[in-house]
Amino acid sequence: MNRRDLLRTGISLALAGAPTLAGAGAHVRPGKAPPVPPPGPDPLIIEDVEIFWLHDGTKMGAAFPRLFVRVMTQQGVVGEAYTFFWHSWDKVPALIQEGITPLLKGMDAMQVERCWQRAWLVLDREFAGGVGNSVMPQFTRALAAVDAAVWDAVGKALNAPCYKLWGAFSNQLPVVTFDQRYRHPGPRYDPARFARRMAKLVDMGFAGVKLKPGRRPYTPAQDAEWVRGAREAVGPDFLLQADANTRWSVAEAVEFGRGVQDINLRWLEEPCRTRRDIAAVRAATGLPICAGQSELEPEGARYLMTEKAVDICNYDPGYACGPTAWRKVYGLAQAFRVEMAVHQQPQVAGHLMAATPDGVKHGIEVYMRDMDPFFYEMIENQGPIANGIYTLPEGPGFGFVYDQKLVKKYRHNV
């Protein structure tokens, strides 16, 4: 049963706390929603949600804008979080301003699960209007951004970092870097020059790198040779990942996989497009396989596990429904003996991974400074990256103190 079916069978009534619809199978009509349920003890009442974009005017900033969200409460606590987008963000502001915000006003932010479930009524109305499928990818991003800010508010109200609310395994995590430059260098490929570039990453304090094979005209065999060169340059303990971004057929992925069998590849990520094909590559190569970033909600991650397609699930908390959803997938992964990672979004991923034993193994993904200046420069108390390790700030919520001058400089109102 999918989420839409659950809502239709009446779970929305229980979550809202009041039986206001005609019956257990009634559909929430557009423009209608159950009344706000009563708050719990020591409530943190949501008063409003503010959103704006951040970008620096460069190609990177324009292509990957950051959505900054503030959840204001009657108690004076302000939850803040940002997430960045790769594509499809035109409907996100309206989904938050006209959909999620009216539903959450008056809600108790301390009841995070209740807030998260209530926000799904927005999507239910979109399906009732016949546009739910087209809106779904943007809704999951919108919910993710708001959910992160709600968690920040809760952490601040309780004076506790989010990673401690979620489990507190370790506040120190390995850092893997990557960006669009880590593809096959092309016809002018110089192995010696490439090796020096890889070795420099170790000197810069990173614990690993994600390479991007699978770009034509280079064959899987050529990519395998290139990745083997990276391993020779960085040594046996550097976390070396290969992410094909679903560009290969099963045969191509297997050819690459067999070419890197003996180099201690941390994982091969999204070698093919479908779950079934990914599972076939996993069975044929025996390599650790990672996928999950393309899923929109926890149900998709479940199928990766039931179809035996993954060893590591890198569900994205900024793309797919927020930290609340990621934590649900983490619980599911434990039942299937699948490890967890996080796709990008280090400003949220750090706390999620720090709450799990998988965090000290897989760490977080961080762009180079010029590709993500906000993570490095906008956060005044940013934790250090040294000797391969990122240390989380210990403030409440996500713990970040934002440089308001930079926020003002890069702010673009919705």
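The values are calculated or read from the model by the stated rules, or taken from the named source; none is laboratory data. Remember, it's a predicted structure, so these values are computed and weren't measured experimentally. Cβ atoms come from the backbone with ideal geometry, glycine included; neighbour counts cover every protein chain shown.
Descriptive notes on the structure:
- Subset of the stretch 359-369 (residues that are in a loop (DSSP other than H, G, I, E, B) and in contact (Cβ under 8 Å) with a residue 24 or more places away in the chain): Gly363, Tyr367, Met368
- Looking across the stretch 305-345, the residues that are more than 12 Å from the chain's Cα centre (by Cα) and of a type in the set (S, T, N, Q) come down to Thr306, Gln334.
- Residue check for Gln241: of a type outside the set (Gly, Ala, Ser), closer than 21 Å to Tyr367 by Cβ and either assigned to a loop (DSSP other than H, G, I, E, B) or free of Cβ contacts under 8 Å to residues at least 24 places away in the same chain (or both): no
- In the stretch 198-224, the residues that are assigned to a loop (DSSP other than H, G, I, E, B) and buried (at least 16 other Cβ atoms within 10 Å of the Cβ): Phe206, Ala207, Pro213, Gly214, Tyr218
- Trp120 vs. criteria touching a Lys or Arg at 6+ places or on another chain (Cβ under 9 Å), surrounded by fewer than 24 Cβ atoms within 10 Å (Cβ to Cβ) and within 25 Å of Met371 (Cβ to Cβ): no
- Test: Asp223 is among the acidic types (Asp, Glu) and either more than 30 Å from Glu295 (Cα to Cα) or not assigned by TED's automatic domain parsing to the domain that holds Ala354 (or both): no
- Restricting the stretch 250-270 to residues that are in contact (Cβ under 8 Å) with a residue 40 or more places away in the chain and under 26 Å from the mean Cα position of the chain (by Cα), the residue that is surrounded by the most Cβ atoms within 10 Å (Cβ to Cβ): Glu269
- When residues in the stretch 374-394 are screened for being more than 18 Å from the chain's Cα centre (by Cα) and buried (at least 16 other Cβ atoms within 10 Å of the Cβ), 9 of them pass.
- Restricting attention to the stretch 228-238, the residues that are under 26 Å from the mean Cα position of the chain (by Cα) and closer than 12 Å to Met198 by Cα total 1.
For (1) closer than 12 Å to Gln172 by Cβ; (2) at pLDDT 95 or above, each residue gets a yes or a no:
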position: Gly350; (1), (2): yes, yes
position: Ala354; (1), (2): yes, yes
position: Val360; (1), (2): yes, yes
position: Pro373; (1), (2): no, no
position: Pro396; (1), (2): no, yes
